[in-house]
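> Pasting a structure below so you can have a look.
The values are calculated or read from the model by the stated rules, or taken from the named source; none is laboratory data. Values in this document were obtained by computation on a predicted structure and should not be read as measured data. Because the Cβ atoms are built from the backbone with ideal geometry, glycine has one as well, and the counts that use them run over all protein chains shown. Heads up: the accessible areas ignore ligands, DNA and RNA and are worked out on the full protein's heavy atoms, side chains in. Shrake-Rupley method; radii C 1.70, N 1.55, O 1.52, S 1.80 Å.
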Amino acid sequence: MTTQLEKQGLIDLIADTEFLSLADKYVPIVDLQGTVPYKDYFEKKLQNLNHSEFLVPVLGIQGTGKSSLLNALLMDDLILPVDADETTCIPVEIRYGKENNGEIKVHFSNGKEVSIKEKKELEFYVHNRYNPGNEQGVSHIVVLKDNELLANNLVLVDLPGVGSLTPQNVKITMDYVEKLSAAIFLLRTVPPITKHEQIFLTNVWPKLTQAWFVQNQWNDESKDEVEDGKQHNQYVLEQIAKKHQTSENIDIQVINVYQALNAKLQNDAHAYKKSGLQEFRNYLEEISKNWGTLLTEQFSESIRMLIQEMIETINKQIDEAKMTTDELQKKQKIEEQKYEQVFQDNKKIINQIEDLISSKKLEIYDFVSVESKMQMENLRNEMRRVIGSGLTDGHLLNKAYQDHESNIAQETMDKLSMKIFEIQKELMDHLEELEVKDTKGKFQKTGSFNRKQEFKGEKSLPYIASIGGGMGGYAAGMATAAKVGGMIGTTAGPLGTAVGVAAGAIVGLGIVFISGWIGNKAKKTVNEIRQSYTIKDLEKPLRDFRGNLKETIEGAAGEAFDHIEQTLADFKQVQQKMIDNEKQKNIQQLLNHSKDNEKQLAKLNQDLQRLLGYEEIINGELS
C-alpha cells in the first residue's frame, strides 16, 4: 500500500534533474511535435495524479430512481428532486464539502456561478418543467456534502436518463461517459432492460471498464417479478458482453431504493440494511479509499518500467561499445531493416484499414439511402391511415405525425446501431495487427501486447460487476490500454499511445452516432404540422424527413470516420519520426565509436550504477 511518504518519494524522484536528464538521453519521448522533455511529461502526470477524482455517474433510463438512490446514499433530506417527470436535465455533481456542507452552486455555460440557499430552488434549474431544454444555459450543478463516502475524491453524478426525450440530455450523458472512472447503471424490474437501453449499453460497453449494475425493486413488485426481471437483465447484459468478447460474469445487485430512502429519512438502520443499499455503500467506500492509492501505485509502476527500459538501453550500448566499428555498423543495419520492415507492415495494415473505412462509408451511405426511402414510405402509409380515420387537422394530427416520425427515426437508429457495432469489430481486428516495440525492444502485435497489460485496479477494487475484468478478443485491452497507457506512457512507447488513441476513436464510433444522432440532430427530423393536411400536403414534410435522416447519418459517419483516419495518420507520422530518430542516433553512435572508447564505457557504467540506485528506490516504494 502506498503511503503519503512514499508518494512524496516519487515526487522527489521525478524532480531529480539527473534522473530526468538520463530519461531524456536514453528513452526519449517522441510525438507529433518532436521530442518531449520528461520534466514536462511528469509535471502533467503529477498534476493529473494530484487532482484525480473517482468520477461515478449514475446511468439508467429516465424514471428508474437515480435521484432517489443518491438521496438515500448521501443526503439527510430530499435534496435532489425525485418525481419522475423528466426531472434531471442538468448533471448534478455531489462532492465532498466538510466546511461548506449543504452548499449548492449552479454553474452556467458562460462561466457565471450562483449559490442556492434553499433546496427548493434546485428544481428551477434541474427540472425540465422549469428549465425546458436548458434554456437557462446551466452547465452543471455542484452539491457539497459532508459525507465520509465522498471524502476520498469520490464524485457521484446524477445524470439525465438514457433514452430521454430531451436531445441535450443525451449529449450531457455521453460527455460524462467519456470521462467516467466507473459507473452505476440502474435497471428496472418491470419492465426489465428495454431495446433502447440495450442499444445504449452495446455502444458504450467498451467505455464502461468498471460498472456496477443495480436493479431497483419497488415495494409493489413481488419476489417472483424481481427474480424474473433479474434473469432477463442478466441475460441481456451477458449477451452484450459476449458480443464484445468480454467477461460474461455479470452480477446484478437488487436494491429497494424506495425502502432505503424512507429508512434514511426515518433513521432506521435495520430497514436501510434490509433494502440492500448498506452493502452497496460499503463497496463504494472501499473503492473510494483505494482509488488514490491505486493511481499512485500505477504512477510508481510507470516510473519503474521507465527505469527498466533505461537500464536495458544502457546495457545494449555497453555491449555495442565493445564491438568493432564493422560489427556495430552491421548490427545497426540489421536493426534498421527490422524497423523498416515492421513499419512497412504497419503501413500496409493502416492502408487496409483506410480502404475498409472507405468501403464502410459507402455501405452506410447505401444503407441510409435505401432506409430513408423505405421509412418515408412507411411514414406516408401511417399518415394515410391516420388521416383516413378522420384526423385531419389541429394539435392531434400534429402529435400523431411527430410520434410516428420519431418512432420511425428511432427504428432506423436501432438498425444502424447494430451495423456500427459490426464495423467497430472489423476495424479493431485490423488495428490489433499493428506492431509496437515493448520495453525490451521487441516488436509485438498490439492485440497480444495489450492483453498483457492488466489494469492494476482490477485486482485492487471489489466488484459487483466488472466489464473490463475479462476483456479479450477484438476489444482486448483497448479500453484498459487507454486507461493504463495514459498513466504509464512508456509501456508501449509513443506508438503504443498512438494505437491507444486510434482504438479509442474506433470504440467511440458508436458514441458519435448515439450523441450525434439522438443528442444533437435527430430532433430536427421531427417536423411540426399545424394546419389542415391531406396526404398530398404532407409530401414536403415527408421529403424533409428523408433528407434530414440522410444528412444526419451521413454527417455523423463522415465525422466519426474522419477522426479515425486522422489518428491513423498521426500513427504513421510518429512512426516515421521514430525511425528517423533511430537512424540519427546510429549515425552519431558510429561517429563517436572510435573516440575514447574507454571513456564512453566508463560514462555508460556510471549512468548504469545511478539508474540501479534509482531502481532500488522505486522498488522500495512499490514493496
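> Taking only the alpha carbons of region 109-232, what extent do you get along each of the three principal axes, in Å, biggest first?
Principal extents (Cα only, largest first): 49, 34, 32 Å.
> At 1.4 Å probe size, with the rest of the protein present, what percent of the exposed accessible area of region 303-372 is carbon and sulfur atoms?
Within region 303-372, the accessible surface is 49 percent carbon and sulfur.
> Quickly rank 404-417, 291-304 as a protection proxy: mean count of other C-beta atoms within 10 Å, highest first.
Top of the packing list down: 291-304, 404-417.
> Just to confirm my numbers, what's the Cα centroid distance between region 255-310 and region 7-74 in Å?
Taking the Cα centre of each part, region 255-310 and region 7-74 sit 20 Å apart.
> Related question: Is the shape of region 289-416 best called rounded, prolate or oblate, per the rule: a/c under 1.5 gives rounded, else a/b larger than b/c gives prolate, else oblate, with a ≥ b ≥ c the square roots of the Cα gyration tensor eigenvalues?
Taking the square roots of the gyration eigenvalues as a ≥ b ≥ c, region 289-416 is oblate.
> Next question. Given a Förster distance of 56 angstrom, what is the FRET efficiency for Val114 paired with Ser359, based on the Cβ-Cβ distance and rounded to 0.05?
Working from the Cβ atoms, E equals 0.60.
> If I take R0 = 41 Å and measure r between the Cβ atoms of Glu582 and Asp366 in this structure, what FRET efficiency does the formula 1/(1 + (r/R0)^6) give, to the nearest 0.05?
Using R0 = 41 Å, I get an efficiency of 0.40.
> Take the Cα pairs of region 541-623, get the Kirkwood Rh, then feed it into Stokes-Einstein at 20 °C and 1.002 mPa s and tell me D in µm²/s.
This corresponds to a translational diffusion coefficient of 114 µm²/s.
> Accessible area per residue of region 257-343 at 1.4 Å probe, in Å²?
50
> Something else now. Label-point separation (nm) for Lys595 and Gln231, each offset 7 Å from Cα along Cα-to-Cβ?
Each label point is offset 7 Å from its Cα along the Cβ direction, giving 7.9 nm.
> What is the sum of charges around Gly60, taking Lys and Arg as +1, Asp and Glu as -1, for the other residues whose C-beta is under 12 Å from the C-beta of Gly60?
The answer is 0.
> Could I ask something else about it? Working from the alpha-carbon coordinates of region 203-307, get Rg over Rh, Rh being the Kirkwood radius.
Reported Rg/Rh, Kirkwood definition of Rh: 1.10.
> Let me ask something else about it. Using 7 Å Cα-to-Cβ label points, what is the His395/Glu178 separation (nm, one decimal)?
Label at His395, label at Glu178, 3.9 nm between them.
> Measure off 7 Å from each Cα along the Cα-to-Cβ vector at Lys347 and Lys415, then give the distance between these two points in nanometres to one decimal.
A separation of 4.1 nm, rounded to one decimal place.
> Set the bar at 21 Å for Cα to Cα. Now go through Lys322/Lys595; Lys338/Lys595; Lys105/Lys207; Lys66/Lys179 and name every pair that lies beyond it.
Lys338/Lys595; Lys105/Lys207
> Can I ask one more? Mind checking the full-extension length gain between Ala271 and Glu312? Use 0.36 nm per residue of separation minus the Cα-Cα distance, one decimal, nm.
8.8 nm
> Students often get this wrong, so check it: of Lys44/Lys360; Lys330/Lys445; Lys45/Lys316, which have C-alpha atoms separated by over 31 Å?
Lys44/Lys360
> How much length, in nm to one decimal, is gained on full extension between Glu53 and Ala602, taken as 0.36 nm per residue of separation minus their Cα-Cα distance?
193.1 nm
> Here's another thing I want to ask about it. Sorted from largest down, give the three principal axis spans of the alpha carbons of region 267-363, whole angstrom values.
So the extents along the principal axes, rounded to whole Å, are 82, 51, 13.
> Further question on the same structure: Can you order the peptides 10-19, 173-182 by their average number of other Cβ atoms within 10 Å per residue, highest first?
173-182, 10-19
> Using the beta-carbon distance between Thr324 and Glu148 and R0 = 51 Å, what value does 1/(1 + (r/R0)^6) give for FRET efficiency, to the nearest 0.05?
0.15
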